[in-house]
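Comments concern the structure below.
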Amino acid sequence: MIENIRNILKEHARLSADISTLSDTSDLYQAGMTSHASVNVMLALEASFDVEFPDRMLKRTVFQSVSAIREAVEELTAGK
Amino acid sequence: MTDISAQDFHDALVAHKLIIPVGVPGAFGRGPVFEDVLRRFGDLVSEAAKGDVAEHMLFPPIIDRRVFEKSDYLESFPQLAGTIFSFSGNDAQHREMMNCVHEHKPWAQYQSMTDVVLAPAACYPIYPQLTGTLPEDGRLVDVQNWVFRHEPSPEPTRMQSFRIREMVRAGRPEQVADWRDMWLERGLALLRRLGLPAEPETASDPFFGRGGRMLAANQRMQKLKFEVVVPVLSAAKPTAVCSFNYHQDHFGLLFDIKTADGQVAHTACLGFGLERVTMALFRVHGYVTAEWPAEVRKVLWP
Ligand SMILES: [Zn+2]
């Protein structure tokens, strides 16, 4: 899953640093991800994992780091 | 002040010849008394800003489509944008188009996109002018323009075309934040001097779609947008008459604006919705200016 999330970030997050140099807990916004880019990351995650983020999860902290994203995706795929 | 329905407020403004209905919602004309109040409010803004030595610029109410495409407006507000199309066909196509027009059939297929779009905010033409390195004190630009928002509504304060008096500050983050905070106080004082019960609040833009809900949540959490609101139709849902947007490095990155020490510049803008301020005055003080409180009249008609 981490691999998949990192690939999505590489393609959609428009980071100023190479994703492979960032740890799972690095702040993606600090690494240059804009609000608009985080929306594209969210939509790509939904398509890739076949999930839908509910309104309560459409906020900044959920997409803050690789591990935060993994936690959110795990929560959404738990019932599947 | 009791609440009033959108229709009743509209009808009262029309009855007092303050606005002139034209058939399409949000596109009404303005009468001379309405214009006098609007212009005098603008003068008060100028007076409050006098010591700031802003650069004044005037742009037409259209902007370069490439600037518009670059600005991310379509990404955030596709539903509000007004793109200008025009006819560039030959005689035969002209005849076909006119047949459609006369028969009330769709004729959009004979139109193609031009290089300009309607200005969605007064500040958009400014950012490309700031490209390059700013002076040590940054820059401050003062503009006023007609803007377009595709949101037809019978509610008089929600217009398709209206005027914004807008100022843009570019500089180091703390220069921009200080300027924004200073104007928030100044704007509140100005509106309260006119007897308007103005209050500041954290706000978000009407971003489009599901992604938009995320953008709005981000904007609120980071406190990037403030509005000054005044009860116009209802006390529970007051109307924004002034908005403050802190763009951080968004336009600095897009239009390559640098501070004197070589960092990406931050920008913020503030805009007074001139029609909304004017409507708030008529709603709060009554539809006949001669009957407004003496202390308000003294400020507007010194
Ligand atoms: Zn603006």
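Please give the FRET efficiency for B:S88 paired with A:E46, using the beta carbon to beta carbon distance and R0 = 51 Å, rounded to the nearest 0.05. Efficiency computed from Cβ-Cβ geometry: 0.80. With springs only between Cα atoms under 10 Å apart, run a GNM on chain B and tell me which of B:E151, B:E96, B:E69 wobbles the most. Top of the fluctuation ranking is B:E96.
The protein assembly as shown gives an Rg/Rh value of 1.01, both radii derived from C-alpha positions and Rh following Kirkwood. Across the range B:23-38, coupling constants 3J(HN,Hα) worked out from phi with the 6.51/-1.76/1.60 Karplus curve, θ = phi - 60°, read x, 8, x, x, 10, 5, x, 10, x, x, 5, 4, 5, 4, 5, 4 Hz, and Gly and Pro carry x. The 3J(HN,Hα) values that the Karplus relation (6.51, -1.76, 1.60; θ = phi - 60°) gives for the range A:21-36 are, in residue order, 8, 9, 7, 5, 9, 4, 6, 5, 5, 4, 7, x, 6, 8, 4, 5 Hz. Gly and Pro appear as x. So, R0 is 51 Å and r is the distance between the beta-carbons of B:A260 and B:H104; what FRET efficiency does that work out to, to 0.05? It comes out at approximately 0.30. The relative contact order of chain B, computed from alpha carbon pairs under 8 Å that lie at least 6 residues apart in sequence, is 21 percent.
Given a cut-off of 30 Å, name the pairs among B:K70/B:K105; B:K50/B:K70; B:K17/B:K225; B:K50/B:K258; B:K17/B:K298; A:K10/B:K223 whose C-alpha atoms lie farther apart than that in the structure shown. Flagged as over cut-off: B:K70/B:K105; B:K50/B:K70; B:K17/B:K225.
Compute the long axis of helix A:2-12 from its Cα atoms, compare it with the longest principal axis of the Cα atoms of chain A, and write down the angle in degrees, 0 to 90, nearest 10. In chain A, helix A:2-12 runs at an angle near 60 degrees to the longest axis.
Which of the three applies to chain B, rounded, prolate or oblate, going by the alpha-carbon gyration tensor with a ≥ b ≥ c and a/c under 1.5 meaning rounded? Note, shape of chain B comes out oblate. In this rough spin-label picture, where each label sits 7 Å from Cα along the Cβ direction, the B:K237-B:E201 distance is 1.1 nm.
Here is how the number arises for the protein assembly as shown: DSSP H runs of 4 or more residues each give -39500 (n - 2.57), the sum is divided by the residue count, and the result at 222 nm is -11500 deg cm²/dmol. Along the range B:164-179 the Karplus relation, 6.51 cos²θ - 1.76 cosθ + 1.60 evaluated at θ = phi - 60°, assigns HN-Hα couplings of 10, 8, 10, 10, 10, 10, 10, x, 6, x, 6, 4, 5, 5, 4, 4 Hz to successive residues, with x for each Gly and Pro.
Taking other residues whose beta carbon is less than 15 angstrom from the beta carbon of B:E151, and scoring Lys, Arg as +1 and Asp, Glu as -1, yields 0. One chain, two ends: B:T131 and B:R39. Fully extended at 0.36 nm per residue, the span grows by 30.0 nm beyond their Cα-Cα distance. Relative to the longest principal axis of the C-alpha atoms of chain A, give the angle of the C-alpha long axis of helix A:66-77, reported between 0 and 90° and rounded to the nearest 10°. The answer is roughly 10 degrees. Taking every pair of alpha-carbon atoms in the range B:175-302, give the share separated by more than 25 Å as a whole percent. Result: 37 percent of Cα pairs exceed 25 Å.
Laboratory data are not the source of any read-out in this text; all were calculated from the coordinates shown. All of these numbers come straight from a predicted model, not from anything done at the bench. Cβ sites come from the backbone with ideal geometry, for glycine too, and all protein chains shown count toward neighbours.
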